[in-house]
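Working notes, structure below.
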Amino acid sequence: MRLVSRASTLKIQEERKVNLTDAELFETPFVFMNGHNDFVLTEAQLENVRKYLSHGGFFFGSGCCTNPNFPKAWRREFSRIFAGEKVKAIPYDHLIYRSFYKIERVRCLNEARDIQLEGLFYQGNLVAVMCEDGLCCAFSASNSCNEGKGVSPDDGQKLTLNIAVYALTH
């Protein structure tokens, strides 16, 4: 929230924790979810998230500390939300990579590969984004917990701002 408020003219009201089954979920246009661990969404959570995303809500997920358990679970669980829709890589020509900063490529700090955002689409619209490479660690902890892995702090802030601007303007 502070990053978006500092770097853009978007008005951010407040941060609050919401349970995926609560009606309060529908009071926010943007949900951020991060973690280290595997998780399974209940049928009630799936139904509420399905309704939330199909009515204009947006989800941003990030694995913490480049731990592979959370991204693996996020892919599996978010691929259950809409019949026939699976989480897939978002190509660099997608608008999300130029919604605020123009990002042509993000290199991984510890491997010879590009960082790739992944997303869930509903009726052709991007409704959820996930970065497995500890994006939240990059933008909020200056990559101290990633120990030189994943996304650089500068790239992490740019990607995060692009995701937030995209989510709040589409």
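The values are calculated or read from the model by the stated rules, or taken from the named source; none is laboratory data. The shown structure was predicted, so the numbers you read here are calculated from the model rather than taken from an experiment. Glycine gets a Cβ as well: all are built from the backbone with ideal geometry, and neighbour counts include every protein chain shown. Protein only, heavy atoms only, side chains kept; ligands, DNA and RNA dropped before computing areas. Shrake-Rupley method; radii C 1.70, N 1.55, O 1.52, S 1.80 Å.
For segment 129-157, a tally of residues being part of a helix (DSSP H, G or I), open to solvent by less than 60 Å² (accessible area, probe 1.4 Å) and modelled with pLDDT of 85 or more returns 2.
Of the residues making up segment 57-67, not a single one is open to solvent by 70 Å² or more (accessible area, probe 1.4 Å), modelled with pLDDT of 95 or more, under 21 Å from Leu161 (Cβ atoms) and in a strand (DSSP E or B). Within segment 93-115, the set of residues being open to solvent by less than 60 Å² (accessible area, probe 1.4 Å) and touching a strand residue (DSSP E or B) at 6+ places or on another chain (Cβ under 8 Å) comprises His94, Ile96, Val106, Cys108, Asp114, Ile115. For segment 9-32, residues that are modelled with pLDDT under 90, of a type outside the set (Phe, Trp, Tyr) and under 19 Å from Leu135 (Cα atoms) total 1.
Across segment 68-92, the qualifying residues are those that are outside any helix (DSSP H, G or I) and of a type in the set (D, E, K, R), and the one among them that is most open to solvent (accessible area, probe 1.4 Å) is Lys86. Among the residues of segment 71-109, the ones that are among the small types (Gly, Ala, Ser) and touching a residue at least 12 places away in the same chain (Cβ under 8 Å) come to 4 in all.
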